[in-house]
Amino acid sequence: MSNTASSTYVCLFFACCLCYSEALPAKLNPEAVSDRPVIGILTQIVSDEEMKPFGRTYIPSSYVKFIESGGSRVMAIRLTLKTTEYEKIFSNINGLLLIGGAADLETSDFARVAKIFYRLALMANDAGDYFPIWGTCMGMQLLTVLVAGEDLLERTSAENIAMPLDLTPEASSSRMFEGFPDNLMKALTYEPLTGNFHNYGVAVKTFQENEKLQSFFSLLSTNVAENGVRFVSTIEGKTHPFYGVQWHPEVNRFQWNIRLNFPHSAHAVHLSSLLAEFFVNEGRRSLHHFDNPEEEASSLIYNNTPVYAGNFTAYEQLYFF
Ligand SMILES: *[C@@H]1O[C@H](CO)[C@@H](O)[C@H](O)[C@H]1NC(C)=O
């Protein structure tokens, strides 16, 4: 009995080894899908005084959990590397998340590094090498700056407000919302499922008058700011797998500060889950991978420990770098 059990164990063990060693050198196959994706998240520059003692850059755990909840692992990408090092990382990861924060969209290190990845992704996608990018809040704003080649932001205050989305006709034929059940799609239009925490944004008028933005992105939703300006709230690339939301899908499941209007209803949670799965599924279409398991293991955010930040920030946990 115990012999049988142990030989079963050994068989399984070897079977796993075989699978792994066969899976690693997989040749590029256009039909292939990566089931072990790694999404890179650019670290954000610390601007809050309270956070400065802990490090110069950070990533809120809510974004990491958002990506992990879609079935991916996360690599934090620091802002202090050389261009060649970013090129190497680009060949290792399956997608990129640009998070919110407060940084100059043209001159900061965050913008500089984002631009390197944006250009690499643009070239890769144009050459048939799928590589998705998702921008949330300032990350979306940065995507518009990269595409337009200029900063088109203006005041569109929506600070600490949850709103429904004013979906455009293009939303129903979008990739982002394609798998959404009808009831959730309907709820999106009248329940406050999207948390807004921004003072600036891209006005719809500006978007529509800008040839570059207009031809690159489909406008999936808009909203009206406190100052009456209608702003861009959801976009996706017409031919590139680049996605932007002015709102924060990650807070619906992973941030809980009672002073902030984070949507936590069942629909809000479902929305956040579906978008995480959507973006990670986009990442699965990238066959980028690390050179070996050791390099991969040492690159993942599992090597870092988040700190409890609920008593000095509006976040519960933060990774500092
Ligand atoms: C927050 O709580 C931690 C313990 O969980 C403590 O070490 C730290 O000093 C606290 N920070 C502030 C600013 O109160």
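On the given criteria, is V280 touching a Lys or Arg at 6+ places or on another chain (Cβ under 7 Å) and more than 16 Å from the ligand (Cβ to nearest atom)?
Answer is no for this residue.
Can you find, within segment 146-167, the residue that is surrounded by the fewest Cβ atoms within 10 Å (Cβ to Cβ) among those that are in contact (Cβ under 8 Å) with a residue 60 or more places away in the chain and assigned to a loop (DSSP other than H, G, I, E, B)?
The extreme case among them is G149.
Can you find a residue in segment 284-305 that is surrounded by 18 or more Cβ atoms within 10 Å (Cβ to Cβ), polar (S, T, N, Q), at negative phi and touching a Phe, Trp or Tyr at 6+ places or on another chain (Cβ under 6 Å)?
Yes: one or more hits.
Evaluate segment 252-265: report whether one residue or more is at pLDDT 95 or above, more than 16 Å from the ligand (Cβ to nearest atom), under 24 Å from V145 (Cβ atoms) and touching a helix residue (DSSP H, G or I) at 6+ places or on another chain (Cβ under 7 Å).
no
Kindly provide the set of residues from segment 298-316 that are small (G, A, S), within 21 Å of I89 (Cβ to Cβ) and either within 16 Å of the ligand (Cβ to nearest atom) or in contact (Cβ under 8 Å) with a residue 24 or more places away in the chain (or both), ordered by number. So that I can check it myself, show each step before the final result.
Taking segment 298-316 and keeping what is small (G, A, S), we get 298-299, 309-310, 314.
If we keep only those that are within 21 Å of I89 (Cβ to Cβ) too, we end up with 298-299.
Selection gives S299 alone.
Hey, can you tell me all the residues within segment 87-114 that are under 15 Å from T43 (Cα atoms) and surrounded by fewer than 16 Cβ atoms within 10 Å (Cβ to Cβ)?
The answer is A102, D104, R112.
Looking at segment 67-86, which of its residues are touching a strand residue (DSSP E or B) at 6+ places or on another chain (Cβ under 9 Å), surrounded by 14 or more Cβ atoms within 10 Å (Cβ to Cβ) and not basic (K, R)?
Answer for segment 67-86, where residues must be touching a strand residue (DSSP E or B) at 6+ places or on another chain (Cβ under 9 Å), surrounded by 14 or more Cβ atoms within 10 Å (Cβ to Cβ) and not basic (K, R): I67, E68, G70, S72, V74, M75, A76, I77, L79, Y86.
Does E295 satisfy being away from the ligand (no atom under 16 Å from the Cβ), over 20 Å from V33 (Cα atoms) and among the charged types (D, E, K, R)?
yes
What are the residues in segment 117-130 that are of a type in the set (A, V, I, L, M, F, W, C), crowded, with 19+ Cβ neighbours inside 10 Å and either at pLDDT below 95 or out of contact with any Gly (no Cβ under 8 Å at 6 or more places or on another chain) (or both), if any?
Once the filter is applied, which keeps residues that are of a type in the set (A, V, I, L, M, F, W, C), crowded, with 19+ Cβ neighbours inside 10 Å and either at pLDDT below 95 or out of contact with any Gly (no Cβ under 8 Å at 6 or more places or on another chain) (or both), segment 117-130 yields L120, A121.
Considering only residues of segment 43-63 that are surrounded by 24 or more Cβ atoms within 10 Å (Cβ to Cβ) and in a strand (DSSP E or B), which is farthest from the chain's Cα centre (by Cα)?
Y58
Any residue that is of a type in the set (F, W, Y) and over 25 Å from T57 (Cβ atoms) - is there at least one of those in segment 276-287?
yes
Could you tell me whether any residue of segment 168-185 is within 22 Å of G101 (Cα to Cα), out of contact with any helix residue (DSSP H, G or I) (no Cβ under 7 Å at 6 or more places or on another chain) and buried (at least 18 other Cβ atoms within 10 Å of the Cβ)?
Start the filter on segment 168-185 by keeping residues that are within 22 Å of G101 (Cα to Cα), which leaves none.
No; the residues of segment 168-185 include none that is within 22 Å of G101 (Cα to Cα), out of contact with any helix residue (DSSP H, G or I) (no Cβ under 7 Å at 6 or more places or on another chain) and buried (at least 18 other Cβ atoms within 10 Å of the Cβ).
The values are calculated or read from the model by the stated rules, or taken from the named source; none is laboratory data. Keep in mind that what you see is a predicted model, and the values were worked out from it rather than measured. So basically every Cβ, Gly included, is an ideal-geometry build from the backbone, and we count neighbours across all protein chains shown.
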